[in-house]
Amino acid sequence: MIIIPDIHGRTFWKSAIEGYESEKIIFLGDYVDPYSDEGIDKQDGLLSLRDVILFKKEHPDNVVLLLGNHDLSYISSYLTKCRHDYENHGEIQALLKENLNLFSIAHEEWLGNKRLVFSHAGILPDWLKENEMLLGQIKRGDEVRLLNEVFHQGHLYPILNDTSLYRGGDKVAGSCVWADIHEFTDDFHEMLPGCFQIFGHTQIPQPVITRQFVCLDCRSVFILDERFEFIAID
């Protein structure tokens, strides 16, 4: 299984996945809005999104595309526009909307007897509970299916912008595209039961791996092998 965290216009993933094209490949979102201090042009964010969509179309059965907060900010006015490419906004928005059926908010896989839940920033039970009026009481193990269903119905956008104090907001917990890694390491939030979560979003120099989750936003592609080890591909 190949996992590709936040791209933001970078091209590291292209060479890293050569020879792995037939494996399950999961992108964790945030394809656009490059960091200016990395010397990547804004146009590269648009190009990377095009490349990722084309790659998915070429490998429809084994490539999974998740959406991040940066991607969603081009689709819905509910999402905060942080670093944002206003020059290419229209093209990025059109690309995402025309191909929205290729994307998901969350994804799950099984590796042996482990249930793996993938999202851009991680799913917090406190966020799900805070939004029960929209989502209802979610049966354990049904989180991924329900979030994707409500998203593709167009009803999830308002709560996807939920941010906690860690990200300058006032919500109890951040959403699955806005939660900060500190929300998974502090003493205030419970973890999603019955699964191991894999996400990006919080930029870090090295992977943070615990018994309940891993955060991989460190500009590398990772193999998750049968021994349940995360191995960076240079």
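The values are calculated or read from the model by the stated rules, or taken from the named source; none is laboratory data. These numbers come from a predicted model, not from an experiment. All Cβ positions, even for glycine, are placed from backbone atoms using ideal geometry, and neighbour counts span all protein chains on display. Protein only, heavy atoms only, side chains kept; ligands, DNA and RNA dropped before computing areas. Shrake-Rupley method; radii C 1.70, N 1.55, O 1.52, S 1.80 Å.
Quick notes on this structure:
- For the residues LEU111, LEU66, LEU116, the requirement of being closer than 15 Å to LYS24 by Cα and in contact with a His (Cβ under 7 Å, 6 or more places away or on another chain) singles out LEU66.
- Members of the stretch 41-81 found to be touching a helix residue (DSSP H, G or I) at 6+ places or on another chain (Cβ under 7 Å) and among the small types (Gly, Ala, Ser), listed by number: SER76
- Those residues of the stretch 85-103 which are open to solvent by 30 Å² or more (accessible area, probe 1.4 Å) and in contact with a strand residue (DSSP E or B) (Cβ under 6 Å, 6 or more places away or on another chain), in sequence order: LEU102
- Enumeration of residues in the stretch 104-120 that are open to solvent by less than 60 Å² (accessible area, probe 1.4 Å), more than 18 Å from the chain's Cα centre (by Cα) and free of Cβ contacts under 8 Å to residues at least 60 places away in the same chain: none
- Only one entry of ILE53, ILE123 meets the criterion of being in contact with a Cys (Cβ under 9 Å, 6 or more places away or on another chain), among the β-branched types (Val, Ile, Thr) and surrounded by 15 or more Cβ atoms within 10 Å (Cβ to Cβ), and that entry is ILE123.
- Cβ separations smaller than 6 Å between residues 6+ apart or across chains give the following pairs from the stretch 78-94 residues that are more than 11 Å from LEU49 (Cβ to Cβ) and without any contact (Cβ under 8 Å) to a residue 60 or more places away in the chain to residues that are among the acidic types (Asp, Glu) and surrounded by 15 or more Cβ atoms within 10 Å (Cβ to Cβ): ARG83/ASP33.
Each row is one residue, and each column tells you yes or no for (1) under 18 Å from the mean Cα position of the chain (by Cα); (2) open to solvent by less than 60 Å² (accessible area, probe 1.4 Å); (3) of a type in the set (Ser, Thr, Tyr).
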position: ILE26; (1), (2), (3): yes, yes, no
position: LYS42; (1), (2), (3): no, no, no
position: LEU47; (1), (2), (3): no, no, no
position: ASP61; (1), (2), (3): no, no, no
position: LEU66; (1), (2), (3): yes, yes, no
position: ARG83; (1), (2), (3): yes, no, no
